[in-house]
């Protein structure tokens, strides 16, 4: 299983996750590794996921949180995964709409200035301004090649939860009381994903 982090964070947001997936090779990819972040596009991030998935034993499941969810949506057609797990994923253009007038520019931004302070103990780092502009413009992913699970809590229940599940015909896992960050930090999330993958938990 390949775990894909969100904007301004890194693979460390999934610390401890591997313990919930007994018998499965679990890799947390670093989307920024080897890239000039100031010039990194969403396609660059998707290419990192495709390359990482090809190095893993098959079949592979892709699991993305926040921006990482949109990245795995982009990569799915090339990876052809066993399944896809979207944890309050940044929505595709089919849900948020398309805004072609949004300016695309290179550079970086401070994710805590844009999204708010990260939880204590979670390191934040500069994020691609270009990739953020692409998300704002809208990236089209009209369908998926595999079964999928959409996981959501209180912060984005509709746009990043139920509406994504409806678009893709996904199974749903709702965690009332959990915030966007809580979904990657609470063990109930990974246990629910393990059950979706048929691993118990």
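Annotations
- Difference of contour (0.36 nm per residue) and Cα-Cα distance, residue 101 to residue 30: 22.6 nm
- Neighbour-count ranking [beta-carbon atoms within 10 angstrom, fewest first] of 94, 127: 94, 127
- Extension gain, residue 18-residue 78: 0.36 nm per intervening residue step, less the Cα-Cα distance, totals 19.2 nm.
- Neighbour counts of C-beta atoms inside 10 Å place 168, 45 in the sequence 168, 45, starting with the fewest.
- Mean residue ellipticity at 222 nm, helices only, the chain: -8500 deg cm²/dmol; runs of at least 4 DSSP H residues each add -39,500 (n - 2.57), and the sum is divided by the number of residues.
- Among 134, 158, sorting on how many other beta-carbon atoms sit within 10 Å of each Cβ, with the fewest leading, yields 158, 134.
- Across the stretch 159-201, the residues whose backbone nitrogen lies under 19 Å from the label position 7 Å along the beta-carbon direction of residue 114 are 160, 180-181.
- The chain - share of DSSP beta bridges that are antiparallel (%, nearest 5): 10
- Translational diffusion coefficient (Stokes-Einstein; Kirkwood radius from C-alpha pairs) of the chain at 20 °C, 1.002 mPa s, in µm²/s: 128
All of the numbers you see were taken from the coordinates with simple rules; none came from a lab. Just so we're clear, the structure is a prediction, and the values are computed from it rather than from any experiment. Positions of Cβ are backbone-derived with ideal geometry, glycine not excepted, and every protein chain shown enters the neighbour counts.
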